[in-house]
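Student: Before we start, here is the structure in question, set down as structure tokens.
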Amino acid sequence: MTANGQETSLVGINRGSELATIARRLERGGYELTNGTWVPLSKMYHSNWVDMQFEMLTQLSDDFGLLWGASTGQRAEKVRIDPNVQLGFILQKRPTPTTTLTFTANSILGGDLTEQPCTASYRLGGVQKVNCRLAASRLPVADTLKYLVKLHPSRLKLSLWFRGQF
């Protein structure tokens, strides 16, 4: 409890996110070099640290509070999830003594997932930037860069809950 009566509580800690799941999927597969050596994508896409988020609630009154939090992000050689900051609020009303209506709004700043290109040496074309996952595909090398992953987390989360006792 703070000096002015506000109380801050831990609402949740989560390991992983929808973007962390996508980053994990990018680890699958691999490609073969011209000398026959298999290169697994996991070497470049695996992160030993999984994105962690925490969310706090600072209660300002019986019916209103601020939601806030952050995430750590995660990094691998060819993919990263940036850390993020979360800000929002929760508003609660009691239409009757046995019912509660709760509205929450939460916004996320940052937290983008970005895939980085590889540098590959081709017999025809020489050294070029390429999407690592598509380096051995039949696509023209320059076209593979269009398929690099760049995603944003859900920026705004709204929820409305109604609870009644009978």
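Student: Restricting to DSSP H runs of at least four residues, report the calculated mean residue ellipticity at 222 nm for the chain, -39500 (n - 2.57) per run over all residues, nearest 500 deg cm²/dmol.
Tutor: Numbers: 3 runs with 16 residues, N = 166.
Dividing the helical sum by the residues of the chain leaves -2000 deg cm²/dmol.
Student: Rounded to whole Å and sorted largest first, list the principal axis extents of the Cα atoms in the stretch 86-135.
Tutor: 76, 17, 8
Student: I need to check one value: relative contact order of the chain, counting alpha carbon pairs closer than 8 Å and at least 6 residues apart, in percent.
Tutor: Numbers: 357 pairs, mean separation 30.5, N = 166.
Reported as a whole number, the value is 18 percent.
Student: For K150, list the lysines whose Cα falls under 28 Å from its own Cα; do not include residues on the same chain fewer than 8 positions away.
Tutor: K43, K78, K129
Student: Could you tell me the ratio Rg/Rh of the stretch 95-166? Both radii from Cα atoms, Rh via Kirkwood. Present the calculation step by step, with values, prior to reporting the outcome.
Tutor: Details: Rg = 24.0 Å, Rh = 16.4 Å.
With Rh from the inverse mean 1/r over Cα pairs, Rg/Rh is 1.46.
Student: Over the Cα atoms of the stretch 1-97, Rg to Rh with Kirkwood Rh, two decimal places? Present the calculation step by step, with values, prior to reporting the outcome.
Tutor: Numbers: Rg = 20.8 Å, Rh = 16.4 Å.
Rg divided by Rh gives 1.27.
Student: At a 10 Å Cβ-Cβ cut-off, how would you order Y45, Y122, fewest neighbours first? Write down the numbers at each step before the final one.
Tutor: On the way: Y45 22, Y122 12.
Least to most surrounded, the residues fall as Y122, Y45.
Student: Could you pull out every one of the lysines with an alpha carbon less than 28 Å from that of K93, ignoring same-chain neighbours closer than 8 positions?
Tutor: K157
Student: Here's another thing I want to ask about it. Limiting things to C-alpha atoms, what are the Rg and the maximum Cα-Cα separation (Dmax) for the chain, in angstroms?
Tutor: Looking at the chain, its Cα Rg and Dmax stand at 22.7, 76 Å.
Student: Using 12 Å as the cut-off for backbone N distance, which residues of the stretch 127-166 belong to the label zone defined by a point 7 Å from the Cα of T100 along Cα→Cβ?
Tutor: Hits in the stretch 127-166 for T100 at 12 Å: 161-165.
Student: Using a Gaussian network model of the chain with C-alpha springs under 10 Å, which one of L134, L151, L101 is most mobile by mean-square fluctuation?
Tutor: Between L134, L151, L101, it is L101 that shows the largest mean-square fluctuation.
Student: Would you please give the residues with an amide H less than 5 Å from that of V149, counting only those at least 5 places away or on a separate chain, with H modeled from the backbone geometry?
Tutor: Answer set, sorted by chain and number: E115.
Student: In Å, what Kirkwood hydrodynamic radius results for the stretch 40-115 from the alpha-carbon pair distances? Intermediate values should be presented prior to the final figure.
Tutor: Details: mean 1/r = 0.0683 Å⁻¹.
Result for the stretch 40-115 stands at 14.6 Å.
Student: Evaluate E = 1/(1 + (r/R0)^6) for N48 and F166, where r is the Cβ-Cβ distance and R0 equals 41 Å; express this FRET efficiency to the nearest 0.05.
Tutor: Numbers: r = 50 Å, r/R0 = 1.22.
Result of the calculation: an efficiency of 0.25.
Student: Follow-up. Hey, can you grab everything whose amide H is under 5 Å from the amide H of D112? Only 5+ residues off in sequence or another chain; H modelled, so Pro and N-termini drop out.
Tutor: Long-range HN contacts for D112: D82.
Any read-out appearing in this document is the output of simple, stated calculations on the displayed coordinates, not a laboratory observation. Small disclaimer: the values here were computed from a predicted structure and weren't measured. Using ideal geometry, Cβ is built from the backbone for each residue, glycine included, and neighbour counts are taken over all protein chains shown.
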